[in-house]
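Below is one structure, written out as structure tokens, with a few remarks after it.
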Amino acid sequence: LKDGCEPYFGHRFASVLLPVSVPAAGWATYTLRESETALIPPTAHAPADWLIVEPPHEYVLENDLVRVCLDTRQGVITSYYDKENGREWLKEGAHGGFRLIDEDPDRGMTSWIIGRHMNIRDFESVKIKPVFTSGETLRQSVSIEAKWSRSTLTAVLSLDRGSRMLLVKATCDWHEKGARGDQIPQLSFAVPLAGEIREYGYDVPFGTIVRGACDLDLPGNSYIAALPAGGADAFMLSADSKYGYRGFDDGVAVTLIRASFDPDPSPEYGVHKIQLAVGPAGREPGSLVRRAFELWHPFNTLAASAHAGDLPTTGSLLGLESDGIVLQAVKLAEDGGAAVIRLYDADGRGGKAALKLPAFAGKTAEVTDVHERPTGKTLDVRDGVLVADVAPASVVHLKIALR
């Protein structure tokens, strides 16, 4: 991603970006070798190559699926075009991205109650520039540096090859203070959408819920999804560590930082690191939950030197085949000697879950309650596959011995 190596506590490392394919609950091995063509000789340019007019300032992130255009003054999103479906997602004349809000503190209890939005403001100054990396064919990025009042925000907006979602990695040094009788400063991220949106989907513990438009922050585990009429794809806004989402006025928003003042007069002072993702996604609740999980539970990577071993270079320990059933957790049983697998129905329709288990799993599984107490029901494992029925809007706990 960067030229040369970076230092870290007496070591030197290089960050690399590459497309990988990893099986479910498994691993894949990739070998990196030093390039034999790392030193590229300089090429001579024809005189005409240097006689060019300076290009205009344009900030566009584009791949085969979407094209995202950014404003050159504030770095906000001015267009989000879905090439696959021929749809412009952004409301005409509007823009999406970070915004500053003045909240009304008249209801009190400001740490718990989010006030009426009195005013929406722009940043005082913004620097915007493309981020050039050696992996531009895999990822395109633009950075913005914004200042206002006593605070600063640095964000990198990236679009990966083969993705319809824009990734946002932000660091905010927050030094705003709210005051009784004045206002509560707030930083949020919002996207106004084209067309009429009457329903919004959220993920909640062990399920999903659809709510109507509401001019209040409502809880979501990891996302809000605008659900257009007619069964079209949803437009998702997801965050790694923020849970107050707002679906209103044909748009989606998430509250990032608020300068509440009671009981703590300055609870948010300091540096915040936030990751967001926004863009068109599937509509089925199970696919939306999985998409958010993929975003905020990325692959673990381990660098090592070449060595011998007994395991294959690619393998899987657990696989799930099901449309609306989500694998929520795998844990060791509290009494030891077994694994507990927790499944839930995300879309309220129920269905069958087919679990492909490793060779060291037992031949039967116990169905337990949430406290891992047997219910008296057992399931057989046939040819390494366990099939479980999951009732609509339910949670299933399976306890499987480990041999």
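Answer yes if at least one residue in segment 279-286 is touching a Phe, Trp or Tyr at 6+ places or on another chain (Cβ under 8 Å), open to solvent by 20 Å² or more (accessible area, probe 1.4 Å) and aliphatic (A, V, I, L, M), and no otherwise. Before the answer, list the steps.
Within segment 279-286, the subset touching a Phe, Trp or Tyr at 6+ places or on another chain (Cβ under 8 Å) is 279-281.
When the remaining residues are screened for being open to solvent by 20 Å² or more (accessible area, probe 1.4 Å), the result is none.
No: segment 279-286 contains no residue that is touching a Phe, Trp or Tyr at 6+ places or on another chain (Cβ under 8 Å), open to solvent by 20 Å² or more (accessible area, probe 1.4 Å) and aliphatic (A, V, I, L, M).
Hey, can you tell me all the residues within segment 170-203 that are more than 23 Å from I113 (Cα to Cα), assigned to a strand (DSSP E or B) and open to solvent by less than 40 Å² (accessible area, probe 1.4 Å)?
Looking only at segment 170-203, we keep the residues that are more than 23 Å from I113 (Cα to Cα), and these are 170-171, 173, 192-199.
Keeping just the survivors that are assigned to a strand (DSSP E or B) gives 170-171, 173, 192-193, 199.
Once the filter is applied, which keeps residues that are more than 23 Å from I113 (Cα to Cα), assigned to a strand (DSSP E or B) and open to solvent by less than 40 Å² (accessible area, probe 1.4 Å), segment 170-203 yields A170, P192, L193.
What pairs can you find where one residue is in segment 56-69 and without any contact (Cβ under 8 Å) to a residue 40 or more places away in the chain and farther than 16 Å from K129 by Cβ, the other is part of a strand (DSSP E or B) and of a type in the set (F, W, Y), and their Cβ atoms are less than 6 Å apart, with a gap of 6+ or different chains?
Pairs that qualify, where the first residue is without any contact (Cβ under 8 Å) to a residue 40 or more places away in the chain and farther than 16 Å from K129 by Cβ and the partner is part of a strand (DSSP E or B) and of a type in the set (F, W, Y), are R67/Y81.
Counting only residues that are in contact (Cβ under 8 Å) with a residue 24 or more places away in the chain and surrounded by fewer than 10 Cβ atoms within 10 Å (Cβ to Cβ), how many does segment 21-37 have?
Within segment 21-37, the first condition is being in contact (Cβ under 8 Å) with a residue 24 or more places away in the chain, and the residues that meet it are 22-29, 31.
After this cut, where a residue has to be surrounded by fewer than 10 Cβ atoms within 10 Å (Cβ to Cβ) as well, the list is 31.
Number satisfying all stated conditions: 1.
I'd like the full set of residues that are modelled with pLDDT under 95 and either part of a strand (DSSP E or B) or open to solvent by less than 10 Å² (accessible area, probe 1.4 Å) (or both), limited to segment 68-86.
Once the filter is applied, which keeps residues that are modelled with pLDDT under 95 and either part of a strand (DSSP E or B) or open to solvent by less than 10 Å² (accessible area, probe 1.4 Å) (or both), segment 68-86 yields only G75.
Collect the residues in segment 331-367 that are open to solvent by 70 Å² or more (accessible area, probe 1.4 Å) and under 17 Å from G207 (Cα atoms), keeping them in residue-number order. Step through it out loud before you land on a result.
The initial filter retains those residues of segment 331-367 that are open to solvent by 70 Å² or more (accessible area, probe 1.4 Å), namely 332, 334-335, 349, 352, 356, 359-360, 363-364.
The answer is R349, K352.
Of the residues I128, I101, which single one is touching a residue at least 24 places away in the same chain (Cβ under 8 Å), in a strand (DSSP E or B) and over 21 Å from G244 (Cβ atoms)? Can you show your working first?
Working: I101 fails: over 21 Å from G244 (Cβ atoms).
When all the criteria are applied, what remains is I128.
Give me a count of the residues in segment 6-17 that are of a type outside the set (S, T, N, Q) and either within 30 Å of S322 (Cβ to Cβ) or surrounded by 10 or more Cβ atoms within 10 Å (Cβ to Cβ) (or both). Talk me through it step by step, then tell me what you get.
Going residue by residue through segment 6-17, those that are of a type outside the set (S, T, N, Q) are 6-14, 16-17.
This time we only want the ones that are either within 30 Å of S322 (Cβ to Cβ) or surrounded by 10 or more Cβ atoms within 10 Å (Cβ to Cβ) (or both), so: 6, 13-14, 16-17.
Counting residues in segment 6-17 that are of a type outside the set (S, T, N, Q) and either within 30 Å of S322 (Cβ to Cβ) or surrounded by 10 or more Cβ atoms within 10 Å (Cβ to Cβ) (or both) gives 5.
Within segment 341-394, how many residues are touching a His at 6+ places or on another chain (Cβ under 8 Å) and either in contact (Cβ under 8 Å) with a residue 60 or more places away in the chain or outside any strand (DSSP E or B) (or both)?
Within segment 341-394, residues that are touching a His at 6+ places or on another chain (Cβ under 8 Å) and either in contact (Cβ under 8 Å) with a residue 60 or more places away in the chain or outside any strand (DSSP E or B) (or both) number 3.
Can you tell which of L32, L65, L18 is modelled with pLDDT under 95 and closer than 18 Å to S163 by Cα? It would help to see each step written out before you state the result.
On the way: L32 fails: closer than 18 Å to S163 by Cα; L65 fails: modelled with pLDDT under 95.
Step by step, each of L32, L65, L18 is checked, and only L18 is modelled with pLDDT under 95 and closer than 18 Å to S163 by Cα.
Just a yes or no: is a residue in segment 163-175 small (G, A, S) and more than 16 Å from L276 (Cα to Cα)? Explain how you work it out, then say what you get.
Here is the first cut: in segment 163-175, the ones small (G, A, S) are 163, 170.
Imposing the further condition that a residue be more than 16 Å from L276 (Cα to Cα) reduces the set to none.
No; the residues of segment 163-175 include none that is small (G, A, S) and more than 16 Å from L276 (Cα to Cα).
Which pairs have Cβ atoms under 9 Å, sit 6 or more apart or on different chains, and link a residue in segment 299-323 that is in a loop (DSSP other than H, G, I, E, B) to one that is among the charged types (D, E, K, R)?
Partner pairs satisfying both residue conditions: L318/K356; S322/K352; D323/E284; D323/D347; D323/R349.
Across segment 215-245, which residue is farthest from G282 (Cα to Cα) among those that are in contact (Cβ under 8 Å) with a residue 40 or more places away in the chain and of a type in the set (F, W, Y)?
Here the residue is Y245.
Scan I209, I224 and give me the residue that is exposed (fewer than 15 other Cβ atoms within 10 Å of the Cβ), under 30 Å from V396 (Cβ atoms) and either hydrophobic (A, V, I, L, M, F, W, C) or more than 19 Å from the chain's Cα centre (by Cα) (or both). I'd like the intermediate steps shown before the answer.
Values: I224 fails: exposed (fewer than 15 other Cβ atoms within 10 Å of the Cβ).
Every option except I209 fails the conditions.
Can you find a residue in segment 210-222 that is more than 27 Å from K273 (Cα to Cα), at pLDDT 95 or above, assigned to a loop (DSSP other than H, G, I, E, B) and in contact with a Phe, Trp or Tyr (Cβ under 7 Å, 6 or more places away or on another chain)? I'd like the intermediate steps shown before the answer.
Of all residues in segment 210-222, those more than 27 Å from K273 (Cα to Cα) come to 210-214.
Now narrow it down to the ones that are at pLDDT 95 or above: 210-214.
Subsequent filtering for residues that are assigned to a loop (DSSP other than H, G, I, E, B) retains 213-214.
If we keep only those that are in contact with a Phe, Trp or Tyr (Cβ under 7 Å, 6 or more places away or on another chain) too, we end up with 213-214.
Yes - at least one qualifying residue is present in segment 210-222.
The values are calculated or read from the model by the stated rules, or taken from the named source; none is laboratory data. Owing to the predicted nature of the structure, the values given are computational and were not obtained by experimental measurement. All Cβ positions, glycine included, derive from the backbone under ideal geometry; neighbour counts span all protein chains shown. Protein only, heavy atoms only, side chains kept; ligands, DNA and RNA dropped before computing areas. Shrake-Rupley method; radii C 1.70, N 1.55, O 1.52, S 1.80 Å.
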